[in-house]
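Notes follow once the structure below has been shown.
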Amino acid sequence: MAMARRVSLFERAVTVRLAPVAVEVLHGAARVLTEGELTGTAYAGSTMMTVDLVKASALISDPPDMTTAQRVAVLYAADERCRVHARIIAMREARRVAGCDLASPTVDVESTAKGPELHLSLNVEAQRRNA
């Protein structure tokens, strides 16, 4: 075992997380597709948001490739800001499709990447709000 003669007084850690503006950029560049239905008082639906990083490349400085998309997908899933904003979008879309106000929502947020695209799947279950 080699003996260390000099040691650093600092331990360094590199962390990578989504930039604060990433939520707005990603959601602003997304294509949104929503489907769902209200059966009685129960609503079930899904909103798919697709972000093509190549098409959004004028807005970002990172390479618009599958490595970036994969990194964003992993970080998105762990970022509370992203999940909160995604839930707001999912509920807005669910109310639009249901044609009424909804209560007691459960929103599942999944993020994956395929090539240079980020895919966000927002699955909603809720109840019709009594008027």
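The values are calculated or read from the model by the stated rules, or taken from the named source; none is laboratory data. These numbers were taken from a predicted model, which means no experiment stands behind them. Here the Cβ is made from the backbone with ideal geometry for all residues, glycine too, and neighbour counts use every protein chain on show. SASA here: full protein model, heavy atoms, side chains in, ligands and nucleic acids out. Shrake-Rupley method; radii C 1.70, N 1.55, O 1.52, S 1.80 Å.
Observations on the model:
- Scanning the stretch 90-99 for residues that are in a helix (DSSP H, G or I) and either closer than 14 Å to LEU38 by Cβ or in contact with a strand residue (DSSP E or B) (Cβ under 7 Å, 6 or more places away or on another chain) (or both) gives ALA90, MET91, GLU93, ALA94, ARG95, ARG96, VAL97, ALA98.
- Cβ-Cβ under 7 Å pairs, at least 6 apart or on other chains, the stretch 35-48 side under 14 Å from ARG129 (Cα atoms), far side of a type in the set (Lys, Arg) and modelled with pLDDT of 95 or more: LEU38/ARG128; THR41/ARG128; TYR43/ARG128
- Close pairs from the stretch 104-122: first over 18 Å from LEU53 (Cα atoms) and without any contact (Cβ under 8 Å) to a residue 40 or more places away in the chain, partner outside any strand (DSSP E or B) and open to solvent by 30 Å² or more (accessible area, probe 1.4 Å), Cβ under 6 Å, at least 6 apart: VAL107/ARG87; VAL109/ARG83
- Which listed residue is touching a Pro at 6+ places or on another chain (Cβ under 8 Å) and in a strand (DSSP E or B), from GLU125, GLU37, GLU110: GLU125
Quick grid of which residues meet (1) in contact with a Ser or Thr (Cβ under 7 Å, 6 or more places away or on another chain); (2) not polar (S, T, N, Q):
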site: PRO20; (1), (2): no, yes
site: GLY36; (1), (2): yes, yes
site: ALA58; (1), (2): no, yes
site: THR67; (1), (2): no, no
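- Only one entry in VAL109, VAL74, VAL7, VAL97 is at pLDDT 95 or above, β-branched (Val, Ile, Thr) and open to solvent by 70 Å² or more (accessible area, probe 1.4 Å), namely VAL74.
- Scan of the stretch 53-69 for residues that are open to solvent by less than 90 Å² (accessible area, probe 1.4 Å), in a helix (DSSP H, G or I) and not aliphatic (A, V, I, L, M), ordered by number: THR68
- Qualifying residue in the stretch 28-48 (condition: acidic (Asp, Glu), surrounded by 11 or more Cβ atoms within 10 Å (Cβ to Cβ) and under 23 Å from LEU102 (Cβ atoms)): yes
- Of all the numbered requirements in (1) hydroxyl-bearing (Ser, Thr, Tyr); (2) open to solvent by 100 Å² or more (accessible area, probe 1.4 Å); (3) outside any loop (DSSP other than H, G, I, E, B), THR15 misses one, and that requirement is (3).
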